Amino acid sequence: MAHSKIFIDGEAGTTGLGIRERLLRVPGVDLRSIADDRRKDPSARRDIMAEVDLVVLCLPDAAAKESVALADSLGNQAPRLLDASTAHRVAPDWVYGFAELTAGQSDRIVNARKVSNPGCYPTGAVALIRPLIDAGIMAPDYPVTINAVSGYSGGGKAMIGEHDADGGPAFELYGLGLEHKHVPETQKYTGLTRRPIFVPSVGHYRQGMIVSVPLHLDTLNGSPKGADLHEALAAYFAGQRLVRVLPPTGNAKLEPEALNDTDVLELRVYANEARGQAILVARLDNLGKGASGAAVQNIGLMLGLGDIAIAEKAAA
């Protein structure tokens, strides 16, 4: 049996470690690494790129661009690329790695040489908004506000260290300059023509994410009911294993950690018909479908390894 050779450039980071851990359980994968003292050596990285089928980039944006240039310099020997950074998510020559985005998106990933892994926040926001725009319920220029909370594991080494070592704040808003790097990606793949307002936050827990979009029903086309919004989401993602459209929780509460260690994305609509208001809610693991899990799903597609994403929690 031929093995698929993979090099994770940046395997020591949170996303890289998550991808590596998942791939160690997948038959037919040969993970290649560079010695610690040569990880920043361009010639060593170029040499290993020439030996593998796929390079996964788990790097800051600038470093990811440098790695792409290294790979491209190999010409016909260049490996396929999966970039987990923000660097190429709206680049025209990269395929967006949200397999459930539209009909045929998974086929585009299968055939792509360069795939950009989605961001965690945009994964939830795009899944909630794109179906309503495509169904004609939400106008593309609708003034959307997206609120989200994530565990601190998605905030990089400094934030993780702050929370792990010093306790960190119980909760904080950030990105209040309204220039968060996920906004261009969110706008492009939702189909919004008006730039959305995005308000991210972080809680003092390790992983798990909730993304929510509040709506006034009478400002949507046709003044839909909550059931209409649910039906649009359910129809859009019908038959998908990892994206699940579910009824609202009976206690009108939702906590963010229930999907940790899975690659599932849950979508719900909470509506108050008497008040003419609704909230669209997405729940996911920011390290699962929001990062490492989505990368492994894309790796499975790109290398013909099958559906290797984690749909259920392992038994305790």
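The values are calculated or read from the model by the stated rules, or taken from the named source; none is laboratory data. Since the model is a prediction, treat every value here as computed from it, not as a measurement. Methodologically, a virtual Cβ is constructed for each residue, glycine included, from the backbone with ideal geometry; neighbour enumeration extends over all protein chains shown. Surface areas here come from the heavy atoms of the whole protein model, side chains and all, with no ligands, DNA or RNA. Shrake-Rupley method; radii C 1.70, N 1.55, O 1.52, S 1.80 Å.
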Answer yes if at least one residue in region 89-97 is of a type outside the set (D, E, K, R), out of contact with any His (no Cβ under 7 Å at 6 or more places or on another chain), exposed (fewer than 13 other Cβ atoms within 10 Å of the Cβ) and part of a loop (DSSP other than H, G, I, E, B), and no otherwise.
yes
Scope region 1-38; condition among the charged types (D, E, K, R) and assigned to a loop (DSSP other than H, G, I, E, B); matching residues
Glu11, Arg25
Just one of (1) surrounded by 20 or more Cβ atoms within 10 Å (Cβ to Cβ); (2) touching a Cys at 6+ places or on another chain (Cβ under 8 Å) trips up Gly13, so point out which.
(1)
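Looking at region 36-47, can you tell me whether even one residue there is hydrophobic (A, V, I, L, M, F, W, C) and buried (at least 22 other Cβ atoms within 10 Å of the Cβ)?
No, that holds for no residue.
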Could you grab the pairs with beta carbons closer than 9 Å, sequence gap of 6+ or different chains, first residue in region 29-52 and touching a residue at least 60 places away in the same chain (Cβ under 8 Å), second one part of a helix (DSSP H, G or I) and surrounded by 15 or more Cβ atoms within 10 Å (Cβ to Cβ)?
Val29/Leu23; Val29/Ile299
Could you tell me how many of the residues in region 54-88 are open to solvent by less than 30 Å² (accessible area, probe 1.4 Å) and assigned to a loop (DSSP other than H, G, I, E, B)?
9
Filter result for the condition that a residue is within 19 Å of Glu312 (Cβ to Cβ), among the small types (Gly, Ala, Ser) and in contact with a strand residue (DSSP E or B) (Cβ under 9 Å, 6 or more places away or on another chain), over Gly226, Gly239, Gly208
Gly208
Quick one: count up the residues across region 255-267 that are open to solvent by 20 Å² or more (accessible area, probe 1.4 Å) and either β-branched (Val, Ile, Thr) or in contact with a Ser or Thr (Cβ under 9 Å, 6 or more places away or on another chain) (or both).
1
Failed item in (1) surrounded by fewer than 24 Cβ atoms within 10 Å (Cβ to Cβ); (2) closer than 16 Å to Ala125 by Cα, with Ile308 passing the rest:
(2)
Residue list for region 258-289, restricted to those being closer than 16 Å to Gly154 by Cα, in contact with a Gly (Cβ under 6 Å, 6 or more places away or on another chain) and in a strand (DSSP E or B):
Leu284
When region 89-104 is examined, which residues are found to be without any contact (Cβ under 8 Å) to a residue 40 or more places away in the chain, under 23 Å from Val243 (Cβ atoms) and not aliphatic (A, V, I, L, M)?
Trp94, Thr102, Gly104
Would you please list the contacts, defined by Cβ atoms under 6 Å and residues six or more apart or on different chains, that run from a residue in region 105-130 that is free of Cβ contacts under 8 Å to residues at least 24 places away in the same chain to a residue that is open to solvent by 10 Å² or more (accessible area, probe 1.4 Å) and outside any helix (DSSP H, G or I)?
Gln105/Ala99; Arg108/Val95
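Mind listing whichever residues of region 271-305 are polar (S, T, N, Q) and surrounded by 21 or more Cβ atoms within 10 Å (Cβ to Cβ)? Break it down stepwise before answering.
Taking region 271-305 and keeping what is polar (S, T, N, Q), we get 272, 277, 286, 292, 297-298.
Selection gives Asn286, Ser292, Gln297, Asn298.
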In region 71-123, what residues are in contact with a helix residue (DSSP H, G or I) (Cβ under 7 Å, 6 or more places away or on another chain) and of a type in the set (D, E, K, R)?
Arg80, Asp83, Arg89
How many residues, within region 28-47, are of a type in the set (D, E, K, R), at pLDDT below 90 and more than 20 Å from Ser73 (Cα to Cα)?
2
